[in-house]
């Protein structure tokens, strides 16, 4: 008898986030599901890990094919702790999200959702992250459900190549307006920060970071183009950051 | 009259770290230097940014060609705040480090030192990070100084291609044993975590993260090989994380 796949779920918006609840419902039919997610929101923590404080786990549910735990750490901590302490055997798959807000283009670099996915891939586990382009807590995750189900089922059927994971971004539009799934590359883009300067009651200055995301490339093969054109954007990403094309020219600097 | 280059320095070990002091001394002769660094150690914060708390800046020194500030944020925060609030004109170059401990191989993904470098590159500034393979506070940075000086001078002379920055890792050996500079790719490697389980006085479990770095690739073109063989490893890195080779096969999943 074939064993059910063991699937780890996590996110960065916390164990209570509606996006995680939506993902749990989508993934449950595919296997034994274990959720290990942060006990508080961790957006913008990127790939931070906790080595100077201890971590705690809190059991929320433990049934035959479903377990749920909150953790005091970051999304990357959650995955490491899940792999080593919570799971009784090696996870077969990891899914992260559904994030409240996009992780397309350069947003991936700040993303706790995608840090968890990279941790999965680093451990050799086929992993994908899902993000909806709607930051609101009451965002509507229903329209994306059939597409996420399709992507989850393809990841389970095909598994991902070594060192590759998926960054999936979903436009916030009704299901009947979504044109389909488009596999693409990470769009060029950056945040133009601004800082709001305030003065505290003691007369000392402080600064609030704000900013706007600016697309700097508009290619039809990018995630930003796909989302603007009502597609779900799937970008295969890797944690080998080498800029291969630059190796030779920079080698010449030192000859 | 040609204006002196404006050079931003930062790190993740804090404004007080000896590695930053060593880098300041190396870079000062090259231009006007402005240091904006975290006011406390931020190792392992990766690319975290602070949006839910305000940031504060503290002026430490302000001379004609040298300024120094500490900041309450992460390394990425320091760079964003420096670009928008501290610097009166666009920075020409950004250097980060010298980190106490290596950021070779997959360590780059957890690195605040390199997050600062990516922030520089994202803003179109030629940027490089330096790390010494010695975690100790009293590590000896002198033997690497001539090599860092050489790399800094080449970055200033040539500038880096768009979207590319440098991850420089230095073996902790005496200067006369260093064989030279090798431009290479990021080695395959991963952390094998372990968690030490303890029980608090209230009887609740908690976990300390520990781990060992494991090389999983040993190619002669990698940073790990270079350092093992007494070279200073220079890896050109990029923030486009697309796994280009995987785009076509994964596209086929959805046809």
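The values are calculated or read from the model by the stated rules, or taken from the named source; none is laboratory data. Since this is a predicted model, take the numbers as computed values, not measurements. Positions of Cβ are generated from backbone atoms using ideal geometry, with glycine treated the same way; all protein chains shown enter the neighbour counts.
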Task: Matching residues, the range A:83-96, being over 16 Å from the mean Cα position of the chain (by Cα) and within 12 Å of residue A:35 (Cα to Cα) - done: A:83, A:86, A:87, A:91
Open item on the list: Quick check on my filter: what residues within the range B:135-149 are touching a strand residue (DSSP E or B) at 6+ places or on another chain (Cβ under 6 Å) and either touching a residue at least 60 places away in the same chain (Cβ under 8 Å) or crowded, with 24+ Cβ neighbours inside 10 Å (or both)?
Closed with: B:139, B:141, B:144, B:147, B:148
Task: Whichever residue in the range A:218-255 is in contact with a strand residue (DSSP E or B) (Cβ under 6 Å, 6 or more places away or on another chain) and in a helix (DSSP H, G or I) and, among such residues, is farthest from the other protein chains (Cβ to nearest Cβ) - done: A:227
- [ ] Just give me the residues in the range A:48-78 being away from chain B (no Cβ under 11 Å) and more than 20 Å from residue B:191 (Cβ to Cβ), in sequence order.
- [x] A:60, A:61, A:62, A:63, A:64, A:65, A:66, A:67, A:68, A:69, A:70
- [ ] Would you be able to tell me the number of residues in the range B:204-217 that are in a strand (DSSP E or B) and at the interface with chain A (Cβ under 9 Å from one of its Cβ atoms)?
- [x] 7
Task: Odd one out for residue B:166 among (1) more than 8 Å from chain A (Cβ to nearest Cβ); (2) crowded, with 16+ Cβ neighbours inside 10 Å; (3) touching a strand residue (DSSP E or B) at 6+ places or on another chain (Cβ under 7 Å); (4) within 18 Å of residue B:101 (Cβ to Cβ) - done: (1)
Open item on the list: So for the range B:227-239 (the condition being exposed (fewer than 13 other Cβ atoms within 10 Å of the Cβ), in contact (Cβ under 8 Å) with a residue 40 or more places away in the chain and within 25 Å of the chain's Cα centre (by Cα)), does at least one residue qualify?
Closed with: yes
Open item on the list: Restricting to the range A:180-203, and then to whatever is in a loop (DSSP other than H, G, I, E, B) and touching a strand residue (DSSP E or B) at 6+ places or on another chain (Cβ under 8 Å), can you tell me which residue is nearest to the other protein chains (Cβ to nearest Cβ)?
Closed with: A:186
Open item on the list: Being modelled with pLDDT of 95 or more, crowded, with 24+ Cβ neighbours inside 10 Å and within 14 Å of chain B (Cβ to nearest Cβ) narrows it down to one residue among A:103, A:107; which is it?
Closed with: A:103
Task: Residues located in the range A:196-226, provided they are buried (at least 16 other Cβ atoms within 10 Å of the Cβ) and touching a residue at least 60 places away in the same chain (Cβ under 8 Å) - done: A:215, A:222, A:223, A:224
TODO: Please work out if residue B:154 is in contact with a helix residue (DSSP H, G or I) (Cβ under 8 Å, 6 or more places away or on another chain), in a helix (DSSP H, G or I), more than 8 Å from chain A (Cβ to nearest Cβ) and surrounded by 15 or more Cβ atoms within 10 Å (Cβ to Cβ).
DONE: no
Open item on the list: Given the criteria crowded, with 23+ Cβ neighbours inside 10 Å, touching a strand residue (DSSP E or B) at 6+ places or on another chain (Cβ under 9 Å), farther than 30 Å from residue B:212 by Cα and in contact (Cβ under 8 Å) with a residue 24 or more places away in the chain, does residue B:33 qualify?
Closed with: yes
Open item on the list: I'd like to check something: does the range B:122-135 contain any residue that is at pLDDT below 95 and either within 13 Å of chain A (Cβ to nearest Cβ) or not in a loop (DSSP other than H, G, I, E, B) (or both)?
Closed with: yes
TODO: Could you figure out which of (1) more than 7 Å from chain A (Cβ to nearest Cβ); (2) touching a strand residue (DSSP E or B) at 6+ places or on another chain (Cβ under 6 Å); (3) under 29 Å from residue B:141 (Cα atoms) isn't true of residue B:177?
DONE: (2)
Open item on the list: If the requirement is being in contact (Cβ under 8 Å) with a residue 60 or more places away in the chain and surrounded by 24 or more Cβ atoms within 10 Å (Cβ to Cβ), which of these qualifies: B:122, B:132, B:160, B:81?
Closed with: B:132
Open item on the list: If I filter the range B:43-53 for residues that are more than 30 Å from residue B:217 (Cα to Cα), buried (at least 18 other Cβ atoms within 10 Å of the Cβ) and modelled with pLDDT of 95 or more, do I get at least one hit?
Closed with: no
